[in-house]
Amino acid sequence: MIPVLLGISFLSFLLMELAPGDYLDTLRLNPQISAEQIDKMRVQFALDRPWYVRYSHWLGNAATLNFGESFQYRVPVTQLIGDRLFNTFIVAFASTLFSWSIAIPLGVLAAIYKDSIFDRIAGFLAFAALSLPELFLALLALWVALATGLFPVGGLYGVDYDYLSPVGKALDLLHHLILPTLVLGIGGIASLMRLMRGNFIETMRAEYVTSAKAKGLSDFAVYFKHVFRNAINPLITVFGYSLSGLLSGAFLVENVMSLPGLGRLTVEAFFAKDYYLVMASVIMASVLLMVGNLLADILLAAVDPRIRYDK
Amino acid sequence: MINNPVQGEKSIEGRHPWLLSFDKLRSNRVALFCLYFLAVIYVLVLLAPFLAPYDYRKNFLDKSFQSPTRIHFFTTEGKFLFRPFIYDYQMADRITTRYEEDKTKMYPIRFFVEGNEYKLFGFIPMKTHFFGVEAPARIYLLGADQYGRDVFSRLLMGGQISLSIGLIGCLITFPLGLLVGGISGYYGGIWDTIIMRSSEVLMSVPGLYLILSLRSSFPQNMSSTQVYLMIVVILSFIGWAGFSRVIRGMVLSEREKPYVVAARALGQKDLVIIIRHILPSTLSYCIVAATLSIPGYILGEAALSFIGVGIQDPDTSWGLMLAQAQSHRVLTSFWWILSPGFVIFVVVLAFNFLGDGLRDALDPKMKVIK
């Protein structure tokens with residue numbers, strides 16, 4: 001994990017260095033800021049040093065969780081990212097929960113009633129849902145919010161959020177989460193459902209299932225005690241992969257639906273050429289992804305006693 | 001007759017595997033339909049300047065957000081006309097941007113009319129357009145955008161960018177991924193470690209974050225050709241990682257097979273063994289993977305242009321056209337601005353169905369649960 005993180009940080013630093021111009025360029029256009037002041041800021045932000053000096057400096061600081069200061073806001077980057085990261089996490093978590101709780105029952109039903117009309121329709125809809133671009137879906141959700149007035153049009157917290165009781169806060173957040181969760185969750189439902197169906201059908205063919213049926217267990221017991229627990233394992237591995245797509249999706253959805261998440265922050269920082277902020281968000285997004293993968297591995301080991309990571 | 005004992009009956013053993021796969025694809029109606037559908041779309045987009053009635057960059061500010069033109073067959077007296085016609089539209093309400101038909105004059109739709117000059121396929125200078133109406137009326141099949149530009153024309157021209165990026169991206173990614181994955185799997189050792197670690201780095205950054213940080217290493221203002229090339233390069237740079245990892249795995253299992261050992265014993269050069277002998281065995285996987293990866297390029301371009309760091313006005317792409325729909329007023333009042341989103345959906349769906357069908361047809365070894 002650490003070498004990969006090092007690689008990511010190096011890559012993003014390199015890319016930032018290759019970028020023409022820097023944050024001061026925008027300030028230079030401002031007639032109220034004198035040339036001396038700009039030069040002073042150059043030294044202050046260490047933009048006059050070669051890149052490898054700055055990178056090693058940054059790396060040393062990052063080891064102590066100091067990711068530098070934002071040029072734009074003049075506060076530590078961690079402070080800016082903290083809230084945003086939490087928001088992105090909430091959205092991703094809610095849509096994961098949503099898609100799993102819908103996809104697994106649907107997948108199981110489609111497998112049990114294989115080739116029925118329900119299975120066919122669900123299969124086709126899943127394929128269509130997989131192809132729905134999140135960008136388009138987010139715009140449609142925004143349209144629903146505007147046309148019906150039932151949902152908040154953007155943001156994650158109402159204007160009066162700070163004055164609400166804890167229960168009110170939770171309800172307010174949930175209300176704001178409905179549309180983003182739907183938009184992000186639909187793709188996940190489709191792929192998980194297809195996978196669950198496939199695994200379930202395959203497991204139903206196993207010999208122990210035949211023997212369980214032969215000894216007279218009810219269908220219900222066979223499906224849920226024997227098949228289900230074996231069929232669900234591959235999905236946990238997929239959880240890790242799906243997280244990357246989920247974060248990318250959240251990136252778009254945040255920008256369309258103006259949610260105060262990491263993706264939106266990154267885009268804003270990109271346009272302001274706020275290097276450290278972009279870098280830190282990219283790294284944070286990757287950390288989120290890696291932690292997700294790690295959790296999936298641990299969960300898999302917990303669920304499946306055949307998997308042991310020590311040799 | 002002696003040479004061909006099975007003549008007269010359909011021999012399955014004697015047919016080339018590719019033909020067998022093709023037969024299988026042909027029996028899959030959905031996939032075949034998607035193949036034809038995509039072919040039609042690509043031809044339409046290739047002929048875009050001819051099919052588009054107007055120059056996609058030309059503004060008509062007095063027609064801002066005009067609703068799609070209605071095509072009539074019946075005159076106001078109820079008489080049926082064989083040649084369809086339209087009416088000119090006039091702004092009826094400035095606040096809600098509502099347009100109404102001006103029924104005083106009919107404008108018949110004519111085919112093969114003279115219009116703005118363009119170059120078909122980029123080199124044949126032409127002035128003829130497939131259809132059009134007499135000025136001052138304008139025919140907007142899919143309405144007009146903010147600047148009164150024809151959405152239909154822009155959709156066709158935008159398709160040239162959105163659809164070609166996927167093809168060109170694949171042409172870059174796949175040879176690169178094959179070579180890198182092949183070398184990595186065949187030689188192993190230090191090269192393998194370096195290549196696999198760097199692909200791991202690329203894969204552990206969520207896609208759009210990586211795209212945006214790659215985008216930042218390019219200047220923010222570039223010409224449209226440069227932007228186009230940049231998008232292709234960025235998306236290909238990301239695409240090779242996952243693909244070459246799969247190829248590496250396949251090469252690894254192929255490396256010790258007798259035919260490779262035989263080729264090595266005959267003194268073939270390593271690169272020749274990789275390219276001529278090992279990589280062809282991955283071909284069917286490549287075709288499927290390429291088909292299924294094209295939507296990724298289309299969506300990647302759309303995302304970049306949508307955020308505002310890709311294709312810039314007055315040029316057009318489907319993602320850029322959708323960016324206009326971000327405004328709340330546009331989104332609620334002018335549904336036709338969302339049409340590129342629908343087109344993206346349909347094209348991506350077709351590619352997914354086709355890829356799925358190809359997988360069934362090309363790879364009988366793969367486990368397919370029906």
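Candidate cross-link partners of A:Lys169 among the aspartates and glutamates, defined by an alpha-carbon separation under 12 Å and a same-chain spacing of 8 or more, comprise A:Asp160. By the gyration tensor of its Cα atoms, with a ≥ b ≥ c the square roots of the eigenvalues, what is the shape of the stretch A:96-228: rounded for a/c under 1.5, prolate for a/b over b/c, or oblate? It is prolate, given that a/c is not under 1.5 and a/b is the larger ratio.
A:Tyr208: net charge of surrounding residues, Cβ under 12 Å, Lys/Arg +1, Asp/Glu -1, itself excluded? Can you show the working numbers first?
Details: positive: A:Arg205, A:Lys213, A:Lys215, A:Lys225, A:Arg229; negative: A:Glu207.
Here the charged neighbours net out to +4.
Peptide A:265-272 shows a mean partner chain C-beta count of 3 within 10 Å per residue C-beta.
Which shape class applies to the protein assembly as shown: rounded if a/c is under 1.5, otherwise prolate when a/b exceeds b/c and oblate if not, where a ≥ b ≥ c are the square roots of the Cα gyration tensor eigenvalues? Before the final figure, lay out the partial values.
Working: a/c = 1.40, a/b = 1.10, b/c = 1.27.
In terms of gyration-tensor shape, rounded.
Remark on B:Gln146: its backbone amide H falls under 5 Å from those of B:Phe65, a criterion applied only to residues 5 or more positions apart or on other chains, H modelled at 1.01 Å from N. Packing order of peptides B:311-317, A:49-55, A:151-157, highest average first: B:311-317, A:151-157, A:49-55 (average count of other Cβ atoms within 10 Å over each peptide's residues). Working from Cα pairs under 8 Å separated by at least six residues, relative contact order for the stretch B:65-149 is 33 percent. What does the C-alpha gyration tensor say about the overall shape of the stretch B:65-149? Classify as rounded when a/c is under 1.5, otherwise prolate if a/b is larger than b/c, or oblate. It is oblate, given that a/c is not under 1.5 and a/b is not larger than b/c. For the residue pairs B:Lys103/B:Lys127; B:Lys58/B:Lys103; A:Lys40/A:Lys273; A:Lys114/A:Lys225, the C-alpha atoms sit more than 22 angstrom apart in B:Lys103/B:Lys127; B:Lys58/B:Lys103. For B:Tyr99, the amide hydrogen comes within under 5 Å of the amide hydrogens of B:Ser67, B:Ala92, counting only partners 5 or more places away or on other chains and with H modelled in the peptide plane. When the Gaussian network model of chain A links Cα atoms closer than 10 Å, the mean-square fluctuations of A:Gly185, A:Gly240, A:Gly60 top out at A:Gly60. Using the empirical formula 2.2 N^0.38 Å as the baseline, the Cα radius of gyration of chain B reaches a ratio of 1.25. If you build a Gaussian network model of chain B, linking Cα atoms that sit under 10 Å apart, which residue out of B:Gln160, B:Gln326, B:Gln66 swings the most? Among B:Gln160, B:Gln326, B:Gln66, the largest mean-square fluctuation in the Gaussian network model of chain B belongs to B:Gln326. With a length cut of 24 Å (Cα positions projected on each helix's long axis) and a Kyte-Doolittle mean of at least 1.0, go through chain B and give me the DSSP H helices that pass. TM-like helix candidates: B:29-46, B:151-187, B:224-254, B:283-307, B:339-362. Dividing the summed helix terms, -39500 (n - 2.57) for each DSSP H run of n ≥ 4, by the number of residues in chain A produces a 222 nm estimate of -24500 deg cm²/dmol to the nearest 500.
Coordinate-derived values only; no laboratory data. In this text, all values refer to a predicted model and were calculated from it rather than measured experimentally. Quick reminder, even Gly has a Cβ in these numbers, built from the backbone with ideal geometry, and neighbours come from all protein chains shown.
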